[in-house]
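Here's the structure, in C-alpha coordinates; my notes come after.
The values are calculated or read from the model by the stated rules, or taken from the named source; none is laboratory data. Bear in mind the structure is a predicted one, so any value in this text is a computation, not a measurement. So basically every Cβ, Gly included, is an ideal-geometry build from the backbone, and we count neighbours across all protein chains shown. In case anyone asks, the SASA skips ligands and DNA or RNA and just uses the protein heavy atoms, side chains included. Shrake-Rupley method; radii C 1.70, N 1.55, O 1.52, S 1.80 Å.
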Amino acid sequence: MATFTAEAFQNEYLPDGATDVHAIVRIDASGASQAVASPSGGAGAAEVIIVDTSGSMGERGIQQGSLAATAALQEIVDGTHFAVIAGNHLAWQVYPPAPVPGLAIMDARTRSEAMNAVRGFRADGGTAMGQWLLAARQVFAQVPDSFRKHAILLTDGANEHETPDQLTWAIQSCAGNFQADCRGLGDRWQVDEVRRIASALLGTVDLIPRPEEMAEEFRALMRTSMSRGVANAEIRVWAPQGAQVLFVKQVSPTLEDLTNRRREVNPLTGGYPTGAWSDESRDYHVAVRLPAKSVGQEQLAARVQLALGDDVQAQALVKAKWSNDDALTARINPQVAQYTGQAELAAAIQDGLAAKAAGRDDEATSKLGRAVQLATQAGNDEMTTRLKKVVDIEDPETGTVRLKKQVEKLDEMALDTASTKTTRVRK
(Lines give C-alpha, C1' and ligand atoms only; values in the text may rest on other atoms or scores of the structure.)
Protein backbone atom coordinates (compact mmCIF):
# COMPACT_ATOMS: atom_id res chain seq x y z
CA MET A 1 0.00 0.00 0.00
CA ALA A 2 1.56 3.26 -1.13
CA THR A 3 1.77 6.14 1.33
CA PHE A 4 2.33 9.77 0.29
CA THR A 5 3.33 12.79 2.37
CA ALA A 6 3.51 16.44 1.37
CA GLU A 7 5.45 19.38 2.83
CA ALA A 8 5.59 23.02 1.72
CA PHE A 9 8.70 25.24 1.87
CA GLN A 10 8.08 28.97 1.54
CA ASN A 11 8.40 32.42 3.05
CA GLU A 12 4.75 33.17 3.71
CA TYR A 13 5.39 36.84 4.56
CA LEU A 14 4.59 39.36 1.81
CA PRO A 15 5.28 43.11 1.87
CA ASP A 16 2.38 45.56 1.71
CA GLY A 17 0.87 45.49 -1.80
CA ALA A 18 2.62 42.27 -2.90
CA THR A 19 0.57 39.63 -4.72
CA ASP A 20 2.72 36.64 -5.72
CA VAL A 21 3.27 33.62 -3.46
CA HIS A 22 5.90 30.97 -4.27
CA ALA A 23 6.35 27.60 -2.59
CA ILE A 24 8.25 24.37 -3.14
CA VAL A 25 6.06 21.38 -2.31
CA ARG A 26 7.89 18.14 -1.63
CA ILE A 27 5.98 14.89 -2.25
CA ASP A 28 7.42 11.69 -0.78
CA ALA A 29 6.13 8.22 -1.72
CA SER A 30 6.78 5.01 0.20
CA GLY A 31 5.41 1.52 -0.38
CA ALA A 32 4.76 2.32 -4.05
CA SER A 33 7.16 -0.39 -5.20
CA GLN A 34 5.68 -3.23 -3.14
CA ALA A 35 3.09 -4.20 -5.76
CA VAL A 36 5.66 -5.02 -8.42
CA ALA A 37 7.71 -7.12 -6.00
CA SER A 38 4.97 -9.77 -5.71
CA PRO A 39 4.80 -12.87 -7.97
CA SER A 40 2.04 -11.25 -10.02
CA GLY A 41 3.67 -7.84 -9.82
CA GLY A 42 3.45 -7.18 -13.56
CA ALA A 43 -0.34 -7.38 -13.60
CA GLY A 44 -1.77 -3.98 -14.40
CA ALA A 45 1.34 -2.82 -16.26
CA ALA A 46 2.22 -2.60 -19.95
CA GLU A 47 5.65 -2.01 -21.50
CA VAL A 48 6.60 -1.30 -25.11
CA ILE A 49 10.21 -1.30 -26.33
CA ILE A 50 10.75 0.85 -29.44
CA VAL A 51 14.07 0.45 -31.25
CA ASP A 52 15.30 2.51 -34.19
CA THR A 53 16.14 0.14 -37.07
CA SER A 54 16.81 2.80 -39.71
CA GLY A 55 19.72 2.42 -42.10
CA SER A 56 21.89 4.84 -40.10
CA MET A 57 22.05 2.37 -37.20
CA GLY A 58 24.32 0.16 -39.28
CA GLU A 59 25.37 -3.37 -38.44
CA ARG A 60 27.05 -2.43 -35.16
CA GLY A 61 24.16 -0.28 -33.96
CA ILE A 62 21.55 -2.90 -34.83
CA GLN A 63 23.50 -5.64 -33.10
CA GLN A 64 23.78 -3.55 -29.94
CA GLY A 65 20.13 -2.49 -30.27
CA SER A 66 19.15 -6.15 -30.24
CA LEU A 67 21.25 -6.69 -27.11
CA ALA A 68 19.66 -3.62 -25.50
CA ALA A 69 16.14 -4.87 -26.22
CA THR A 70 17.15 -8.24 -24.79
CA ALA A 71 18.46 -6.58 -21.63
CA ALA A 72 15.18 -4.72 -21.20
CA LEU A 73 13.13 -7.87 -21.78
CA GLN A 74 15.08 -9.63 -19.05
CA GLU A 75 14.02 -6.95 -16.56
CA ILE A 76 10.28 -7.08 -17.29
CA VAL A 77 8.42 -8.71 -14.41
CA ASP A 78 6.31 -11.79 -15.16
CA GLY A 79 2.66 -10.93 -15.67
CA THR A 80 3.44 -7.64 -17.45
CA HIS A 81 1.82 -7.01 -20.83
CA PHE A 82 4.55 -6.14 -23.35
CA ALA A 83 5.44 -5.65 -27.00
CA VAL A 84 8.47 -4.76 -29.13
CA ILE A 85 8.27 -2.28 -32.03
CA ALA A 86 10.93 -1.68 -34.68
CA GLY A 87 10.93 1.70 -36.39
CA ASN A 88 12.38 3.37 -39.45
CA HIS A 89 10.22 5.47 -41.82
CA LEU A 90 7.50 3.00 -40.81
CA ALA A 91 6.75 1.07 -37.63
CA TRP A 92 5.97 -2.59 -37.19
CA GLN A 93 5.40 -4.93 -34.30
CA VAL A 94 8.27 -7.37 -33.92
CA TYR A 95 6.71 -9.17 -30.95
CA PRO A 96 4.15 -10.55 -30.41
CA PRO A 97 3.90 -11.41 -34.13
CA ALA A 98 0.33 -10.48 -34.97
CA PRO A 99 -1.53 -8.94 -37.91
CA VAL A 100 -3.11 -6.41 -35.54
CA PRO A 101 -1.60 -4.45 -32.62
CA GLY A 102 -1.42 -6.47 -29.44
CA LEU A 103 0.58 -7.40 -26.37
CA ALA A 104 1.89 -10.62 -24.90
CA ILE A 105 2.01 -11.43 -21.21
CA MET A 106 5.51 -11.92 -19.88
CA ASP A 107 6.47 -15.41 -18.78
CA ALA A 108 9.37 -17.77 -19.52
CA ARG A 109 8.00 -18.75 -22.94
CA THR A 110 7.12 -15.26 -24.22
CA ARG A 111 10.40 -13.84 -22.90
CA SER A 112 12.36 -16.42 -24.89
CA GLU A 113 10.26 -15.85 -28.02
CA ALA A 114 10.69 -12.08 -27.80
CA MET A 115 14.45 -12.38 -27.32
CA ASN A 116 14.62 -14.53 -30.44
CA ALA A 117 12.50 -12.01 -32.35
CA VAL A 118 14.74 -9.02 -31.61
CA ARG A 119 17.72 -10.92 -33.02
CA GLY A 120 16.05 -10.38 -36.39
CA PHE A 121 16.47 -6.56 -36.33
CA ARG A 122 17.79 -5.25 -39.66
CA ALA A 123 19.08 -1.74 -40.46
CA ASP A 124 17.14 -0.18 -43.34
CA GLY A 125 15.16 2.92 -44.30
CA GLY A 126 14.67 6.35 -42.76
CA THR A 127 13.34 7.85 -39.52
CA ALA A 128 9.76 8.81 -38.67
CA MET A 129 9.35 8.79 -34.90
CA GLY A 130 5.74 9.92 -35.10
CA GLN A 131 4.90 6.61 -36.74
CA TRP A 132 6.61 4.75 -33.91
CA LEU A 133 4.65 6.67 -31.28
CA LEU A 134 1.33 6.07 -33.03
CA ALA A 135 2.10 2.36 -33.27
CA ALA A 136 2.80 2.29 -29.53
CA ARG A 137 -0.46 4.11 -28.85
CA GLN A 138 -2.35 1.43 -30.81
CA VAL A 139 -0.66 -1.29 -28.78
CA PHE A 140 -1.36 0.40 -25.44
CA ALA A 141 -5.02 0.83 -26.45
CA GLN A 142 -5.42 -2.94 -26.03
CA VAL A 143 -5.19 -2.70 -22.21
CA PRO A 144 -7.41 -0.79 -19.75
CA ASP A 145 -6.80 2.88 -19.00
CA SER A 146 -6.03 1.96 -15.39
CA PHE A 147 -2.84 0.16 -16.46
CA ARG A 148 0.54 1.74 -15.94
CA LYS A 149 1.78 2.23 -19.50
CA HIS A 150 5.43 2.90 -20.27
CA ALA A 151 7.67 2.85 -23.34
CA ILE A 152 11.39 3.07 -24.01
CA LEU A 153 12.21 4.81 -27.30
CA LEU A 154 15.66 4.73 -28.91
CA THR A 155 16.72 6.77 -31.93
CA ASP A 156 20.05 7.53 -33.53
CA GLY A 157 18.99 10.20 -36.01
CA ALA A 158 16.86 13.24 -36.75
CA ASN A 159 13.21 12.85 -37.71
CA GLU A 160 13.79 13.35 -41.43
CA HIS A 161 11.01 11.26 -42.99
CA GLU A 162 7.92 13.08 -41.73
CA THR A 163 7.11 16.76 -41.33
CA PRO A 164 7.43 18.59 -38.00
CA ASP A 165 3.64 18.98 -38.01
CA GLN A 166 3.20 15.23 -38.41
CA LEU A 167 5.47 14.58 -35.44
CA THR A 168 3.66 17.22 -33.39
CA TRP A 169 0.30 15.62 -34.17
CA ALA A 170 1.61 12.20 -33.17
CA ILE A 171 3.02 13.52 -29.90
CA GLN A 172 -0.25 15.27 -29.06
CA SER A 173 -2.18 12.10 -29.89
CA CYS A 174 -0.07 10.08 -27.46
CA ALA A 175 0.14 12.58 -24.57
CA GLY A 176 -1.78 11.24 -21.61
CA ASN A 177 -1.92 7.72 -23.06
CA PHE A 178 1.49 6.47 -21.94
CA GLN A 179 4.83 7.59 -20.56
CA ALA A 180 8.04 7.31 -22.54
CA ASP A 181 11.72 7.52 -21.64
CA CYS A 182 13.67 8.51 -24.76
CA ARG A 183 17.32 7.92 -25.52
CA GLY A 184 19.48 9.15 -28.38
CA LEU A 185 22.45 7.18 -29.65
CA GLY A 186 25.56 8.94 -30.93
CA ASP A 187 25.67 12.50 -32.24
CA ARG A 188 23.26 12.56 -35.21
CA TRP A 189 19.97 12.99 -33.34
CA GLN A 190 18.48 16.32 -32.23
CA VAL A 191 18.18 16.84 -28.49
CA ASP A 192 15.36 19.39 -28.67
CA GLU A 193 13.34 17.10 -30.95
CA VAL A 194 13.62 14.06 -28.68
CA ARG A 195 13.20 16.19 -25.56
CA ARG A 196 9.87 17.39 -26.96
CA ILE A 197 8.66 13.78 -27.13
CA ALA A 198 9.91 12.87 -23.66
CA SER A 199 8.49 16.03 -22.10
CA ALA A 200 5.02 15.55 -23.56
CA LEU A 201 5.03 11.91 -22.45
CA LEU A 202 6.26 12.64 -18.90
CA GLY A 203 9.54 10.83 -19.47
CA THR A 204 13.25 11.53 -19.55
CA VAL A 205 15.72 12.23 -22.33
CA ASP A 206 19.40 11.36 -22.30
CA LEU A 207 22.41 10.61 -24.47
CA ILE A 208 23.95 7.20 -25.07
CA PRO A 209 27.37 8.05 -26.53
CA ARG A 210 28.31 4.58 -27.84
CA PRO A 211 26.30 1.55 -29.01
CA GLU A 212 27.98 -0.69 -26.43
CA GLU A 213 26.37 1.37 -23.66
CA MET A 214 22.80 0.78 -24.84
CA ALA A 215 22.19 -2.53 -23.07
CA GLU A 216 23.04 -1.23 -19.61
CA GLU A 217 20.94 1.90 -20.17
CA PHE A 218 17.94 -0.13 -21.32
CA ARG A 219 18.37 -2.48 -18.36
CA ALA A 220 18.39 0.46 -15.92
CA LEU A 221 15.39 2.15 -17.57
CA MET A 222 13.28 -1.00 -17.44
CA ARG A 223 14.32 -1.76 -13.89
CA THR A 224 13.23 1.73 -12.86
CA SER A 225 9.93 1.37 -14.69
CA MET A 226 9.27 -1.97 -13.05
CA SER A 227 9.68 -0.33 -9.63
CA ARG A 228 6.74 1.99 -10.26
CA GLY A 229 3.72 0.45 -8.60
CA VAL A 230 1.45 3.51 -8.66
CA ALA A 231 0.04 4.80 -11.94
CA ASN A 232 -1.61 8.04 -13.02
CA ALA A 233 -1.17 10.22 -9.95
CA GLU A 234 -1.79 13.93 -10.25
CA ILE A 235 -0.93 17.10 -8.39
CA ARG A 236 -4.04 19.13 -7.54
CA VAL A 237 -3.80 22.83 -6.79
CA TRP A 238 -6.71 24.68 -5.21
CA ALA A 239 -6.54 28.47 -5.16
CA PRO A 240 -9.17 30.82 -3.67
CA GLN A 241 -11.72 32.82 -5.63
CA GLY A 242 -10.02 35.70 -7.40
CA ALA A 243 -6.57 34.08 -7.33
CA GLN A 244 -4.55 32.93 -10.34
CA VAL A 245 -2.26 29.90 -10.47
CA LEU A 246 0.75 31.32 -12.33
CA PHE A 247 2.52 28.01 -12.83
CA VAL A 248 3.06 24.48 -11.55
CA LYS A 249 6.48 22.99 -12.33
CA GLN A 250 8.27 19.84 -11.33
CA VAL A 251 11.73 20.98 -10.27
CA SER A 252 13.27 17.75 -8.94
CA PRO A 253 14.60 15.31 -10.00
CA THR A 254 14.14 16.96 -13.41
CA LEU A 255 12.62 20.21 -14.66
CA GLU A 256 9.18 19.86 -16.24
CA ASP A 257 6.62 22.64 -16.70
CA LEU A 258 3.15 21.21 -16.06
CA THR A 259 1.26 24.51 -16.22
CA ASN A 260 -0.37 24.00 -19.63
CA ARG A 261 -1.45 20.45 -18.78
CA ARG A 262 -4.03 21.62 -16.26
CA ARG A 263 -7.23 19.61 -16.02
CA GLU A 264 -10.19 21.37 -14.47
CA VAL A 265 -11.22 19.39 -11.38
CA ASN A 266 -13.66 22.11 -10.29
CA PRO A 267 -13.81 25.90 -10.74
CA LEU A 268 -11.12 26.48 -8.09
CA THR A 269 -8.96 23.37 -8.54
CA GLY A 270 -6.72 22.17 -11.35
CA GLY A 271 -5.11 18.76 -11.76
CA TYR A 272 -1.62 18.30 -13.24
CA PRO A 273 -0.30 14.88 -14.35
CA THR A 274 2.73 13.38 -12.65
CA GLY A 275 2.79 9.90 -14.20
CA ALA A 276 3.72 6.74 -12.30
CA TRP A 277 5.50 6.61 -8.94
CA SER A 278 7.91 4.28 -7.17
CA ASP A 279 9.40 4.87 -3.72
CA GLU A 280 10.76 8.33 -4.42
CA SER A 281 10.65 12.03 -3.67
CA ARG A 282 9.80 14.88 -6.03
CA ASP A 283 9.67 18.66 -5.65
CA TYR A 284 7.16 20.99 -7.31
CA HIS A 285 7.30 24.78 -7.61
CA VAL A 286 3.85 26.35 -7.29
CA ALA A 287 3.23 30.07 -7.82
CA VAL A 288 -0.08 31.78 -7.09
CA ARG A 289 -1.11 35.43 -7.60
CA LEU A 290 -3.53 36.79 -4.98
CA PRO A 291 -5.39 40.09 -4.71
CA ALA A 292 -3.21 42.32 -2.51
CA LYS A 293 -4.30 42.70 1.10
CA SER A 294 -3.36 45.15 3.81
CA VAL A 295 -0.72 44.64 6.48
CA GLY A 296 -1.75 42.18 9.16
CA GLN A 297 -4.11 40.14 7.00
CA GLU A 298 -3.63 36.45 6.28
CA GLN A 299 -4.93 34.15 3.55
CA LEU A 300 -4.64 30.54 2.45
CA ALA A 301 -2.99 30.88 -0.96
CA ALA A 302 -3.21 27.28 -2.14
CA ARG A 303 -3.87 23.69 -1.17
CA VAL A 304 -1.49 21.37 -3.01
CA GLN A 305 -2.55 17.72 -3.01
CA LEU A 306 -1.37 14.41 -4.43
CA ALA A 307 -4.38 12.45 -5.70
CA LEU A 308 -4.89 8.93 -7.04
CA GLY A 309 -8.11 9.07 -9.00
CA ASP A 310 -10.60 10.82 -6.72
CA ASP A 311 -8.70 9.94 -3.54
CA VAL A 312 -6.48 12.61 -2.03
CA GLN A 313 -3.37 10.97 -0.53
CA ALA A 314 -1.47 13.96 0.85
CA GLN A 315 -1.83 17.72 1.22
CA ALA A 316 0.37 20.75 1.91
CA LEU A 317 -0.89 24.28 2.58
CA VAL A 318 0.63 27.41 1.02
CA LYS A 319 -0.04 30.53 3.10
CA ALA A 320 0.23 34.29 2.74
CA LYS A 321 0.67 36.91 5.50
CA TRP A 322 1.12 40.60 4.74
CA SER A 323 3.68 42.43 6.91
CA ASN A 324 5.60 45.69 7.06
CA ASP A 325 8.55 44.02 8.78
CA ASP A 326 11.36 44.01 6.24
CA ALA A 327 13.24 41.36 8.20
CA LEU A 328 10.38 38.96 7.52
CA THR A 329 9.35 39.93 3.99
CA ALA A 330 12.85 40.24 2.48
CA ARG A 331 13.78 36.62 3.15
CA ILE A 332 13.81 34.30 0.13
CA ASN A 333 13.16 30.68 0.97
CA PRO A 334 16.33 28.69 0.10
CA GLN A 335 14.39 25.97 -1.75
CA VAL A 336 12.51 28.52 -3.87
CA ALA A 337 15.70 30.48 -4.58
CA GLN A 338 17.83 27.51 -5.59
CA TYR A 339 15.24 25.88 -7.84
CA THR A 340 14.52 29.22 -9.52
CA GLY A 341 18.25 29.46 -10.22
CA GLN A 342 18.38 25.93 -11.61
CA ALA A 343 15.51 26.68 -13.99
CA GLU A 344 17.35 29.79 -15.21
CA LEU A 345 20.53 27.73 -15.61
CA ALA A 346 18.74 25.18 -17.82
CA ALA A 347 17.25 27.91 -20.00
CA ALA A 348 20.63 29.66 -20.35
CA ILE A 349 22.33 26.43 -21.46
CA GLN A 350 19.64 25.48 -23.98
CA ASP A 351 19.36 29.02 -25.41
CA GLY A 352 23.13 29.35 -25.56
CA LEU A 353 23.62 26.08 -27.44
CA ALA A 354 20.79 26.95 -29.84
CA ALA A 355 22.39 30.34 -30.56
CA LYS A 356 25.79 28.69 -31.08
CA ALA A 357 24.31 26.21 -33.57
CA ALA A 358 22.68 29.09 -35.45
CA GLY A 359 25.97 31.02 -35.67
CA ARG A 360 24.89 33.78 -33.27
CA ASP A 361 28.19 33.73 -31.39
CA ASP A 362 27.66 36.91 -29.33
CA GLU A 363 24.33 35.64 -28.01
CA ALA A 364 25.78 32.18 -27.37
CA THR A 365 28.69 33.69 -25.43
CA SER A 366 26.33 35.79 -23.31
CA LYS A 367 23.94 32.93 -22.52
CA LEU A 368 26.63 30.35 -21.78
CA GLY A 369 28.52 32.92 -19.69
CA ARG A 370 25.38 33.43 -17.63
CA ALA A 371 25.13 29.64 -17.26
CA VAL A 372 28.70 29.52 -15.94
CA GLN A 373 27.91 32.32 -13.49
CA LEU A 374 24.78 30.55 -12.22
CA ALA A 375 26.52 27.18 -11.91
CA THR A 376 29.38 28.82 -9.98
CA GLN A 377 27.02 30.63 -7.61
CA ALA A 378 25.14 27.39 -6.93
CA GLY A 379 28.32 25.38 -6.41
CA ASN A 380 27.22 23.06 -9.21
CA ASP A 381 30.62 21.61 -10.04
CA GLU A 382 29.23 18.93 -12.35
CA MET A 383 27.56 21.49 -14.61
CA THR A 384 30.62 23.74 -14.51
CA THR A 385 32.75 20.81 -15.68
CA ARG A 386 30.36 20.18 -18.58
CA LEU A 387 30.36 23.87 -19.53
CA LYS A 388 34.18 23.91 -19.59
CA LYS A 389 34.04 21.51 -22.54
CA VAL A 390 32.12 24.11 -24.57
CA VAL A 391 33.57 27.43 -23.37
CA ASP A 392 36.86 28.73 -21.99
CA ILE A 393 36.07 30.36 -18.63
CA GLU A 394 37.97 33.56 -17.89
CA ASP A 395 36.01 34.72 -14.82
CA PRO A 396 33.36 32.36 -13.42
CA GLU A 397 32.03 34.95 -10.96
CA THR A 398 31.12 37.44 -13.71
CA GLY A 399 30.37 34.79 -16.33
CA THR A 400 33.11 36.00 -18.68
CA VAL A 401 33.74 33.23 -21.22
CA ARG A 402 34.94 32.58 -24.76
CA LEU A 403 33.47 29.98 -27.09
CA LYS A 404 35.90 27.15 -27.75
CA LYS A 405 36.98 26.88 -31.37
CA GLN A 406 36.79 23.08 -31.43
CA VAL A 407 34.03 21.33 -29.49
CA GLU A 408 33.03 17.69 -29.64
CA LYS A 409 29.38 17.37 -30.67
CA LEU A 410 28.84 14.72 -27.99
CA ASP A 411 30.03 17.18 -25.31
CA GLU A 412 27.46 19.74 -26.45
CA MET A 413 24.72 17.13 -26.47
CA ALA A 414 25.70 15.84 -23.03
CA LEU A 415 25.49 19.40 -21.68
CA ASP A 416 22.11 19.92 -23.33
CA THR A 417 20.55 16.71 -21.99
CA ALA A 418 21.98 17.33 -18.50
CA SER A 419 20.52 20.84 -18.33
CA THR A 420 17.11 19.68 -17.08
CA LYS A 421 18.49 17.42 -14.33
CA THR A 422 18.44 19.23 -11.01
CA THR A 423 20.27 18.92 -7.72
CA ARG A 424 18.02 18.25 -4.72
CA VAL A 425 17.89 21.19 -2.33
CA ARG A 426 18.47 20.22 1.28
CA LYS A 427 15.89 21.13 3.87
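Which pairs do you get when a residue that is over 21 Å from GLN74 (Cβ atoms), found in the stretch 193-218, comes within reach of a residue that is open to solvent by less than 20 Å² (accessible area, probe 1.4 Å) and among the aromatic types (Phe, Trp, Tyr), reach meaning Cβ atoms under 7 angstrom, with the pair 6+ apart or on two chains? Listed by first residue and then by second, the contacts come to LEU201/PHE178. Scanning the stretch 158-166 for residues that are among the β-branched types (Val, Ile, Thr) and assigned to a loop (DSSP other than H, G, I, E, B) turns up at least one hit. For the stretch 101-144, the candidate set comprises residues that are without any contact (Cβ under 8 Å) to a residue 40 or more places away in the chain and of a type in the set (S, T, N, Q); within that set, the residue that is nearest to GLY79 (Cα to Cα) is THR110. Has the stretch 201-216 got any residue that is of a type in the set (A, V, I, L, M), more than 22 Å from THR422 (Cβ to Cβ), in a helix (DSSP H, G or I) and open to solvent by 10 Å² or more (accessible area, probe 1.4 Å)? Yes, the stretch 201-216 contains a residue that is of a type in the set (A, V, I, L, M), more than 22 Å from THR422 (Cβ to Cβ), in a helix (DSSP H, G or I) and open to solvent by 10 Å² or more (accessible area, probe 1.4 Å). Within the stretch 295-346, if we keep just the residues that are aliphatic (A, V, I, L, M), touching a residue at least 12 places away in the same chain (Cβ under 8 Å) and within 30 Å of THR385 (Cβ to Cβ), the residue that is surrounded by the most Cβ atoms within 10 Å (Cβ to Cβ) turns out to be LEU345. Collect the residues in the stretch 251-273 that are touching a Leu at 6+ places or on another chain (Cβ under 8 Å) and under 19 Å from THR423 (Cα atoms), keeping them in residue-number order. If the condition is that a residue be touching a Leu at 6+ places or on another chain (Cβ under 8 Å) and under 19 Å from THR423 (Cα atoms), then GLU256 is the only one that fits.
Inspection of the stretch 307-315 identifies no residue that is more than 24 Å from the chain's Cα centre (by Cα), among the hydrophobic types (A, V, I, L, M, F, W, C) and modelled with pLDDT of 95 or more. Can you name the residue in the stretch 390-421 that is under 25 Å from the mean Cα position of the chain (by Cα) and open to solvent by 50 Å² or more (accessible area, probe 1.4 Å) and is also farthest from ALA354 (Cα to Cα) among such residues? Ranking the candidates gives LYS421 first. Is there a residue being closer than 30 Å to THR53 by Cβ, assigned to a strand (DSSP E or B), among the polar types (S, T, N, Q) and open to solvent by 20 Å² or more (accessible area, probe 1.4 Å) anywhere in the stretch 238-254? Scanning the stretch 238-254, I find at least one residue that is closer than 30 Å to THR53 by Cβ, assigned to a strand (DSSP E or B), among the polar types (S, T, N, Q) and open to solvent by 20 Å² or more (accessible area, probe 1.4 Å), so the answer is yes.
Here THR385 meets each of (1) under 18 Å from ASP192 (Cα atoms); (2) open to solvent by 40 Å² or more (accessible area, probe 1.4 Å) with one exception, condition (1).
Here the stretch 168-192 is the region considered, the condition is being over 16 Å from the mean Cα position of the chain (by Cα) and closer than 14 Å to ALA135 by Cβ, and the residue that is surrounded by the fewest Cβ atoms within 10 Å (Cβ to Cβ) is SER173. If you scan the stretch 200-217, which residues turn out to be farther than 19 Å from PHE178 by Cβ and among the charged types (D, E, K, R)? Across the stretch 200-217, the qualifying residues are ARG210, GLU212, GLU213, GLU216, GLU217. State whether one or more residues within the stretch 77-89 are touching a residue at least 60 places away in the same chain (Cβ under 8 Å) and of a type in the set (A, V, I, L, M). Scanning the stretch 77-89, I find at least one residue that is touching a residue at least 60 places away in the same chain (Cβ under 8 Å) and of a type in the set (A, V, I, L, M), so the answer is yes.
Selection over the stretch 274-294 of residues that are farther than 30 Å from LYS149 by Cα and open to solvent by 40 Å² or more (accessible area, probe 1.4 Å) gives a count of 5. I'd like to verify a number: residues in the stretch 255-273 that are in a strand (DSSP E or B) and either open to solvent by 60 Å² or more (accessible area, probe 1.4 Å) or among the charged types (D, E, K, R) (or both), how many? Number of matching residues: 5.
On the basis of being modelled with pLDDT under 95 and surrounded by 17 or more Cβ atoms within 10 Å (Cβ to Cβ), does GLN373 make the cut?
Criteria not met by GLN373.
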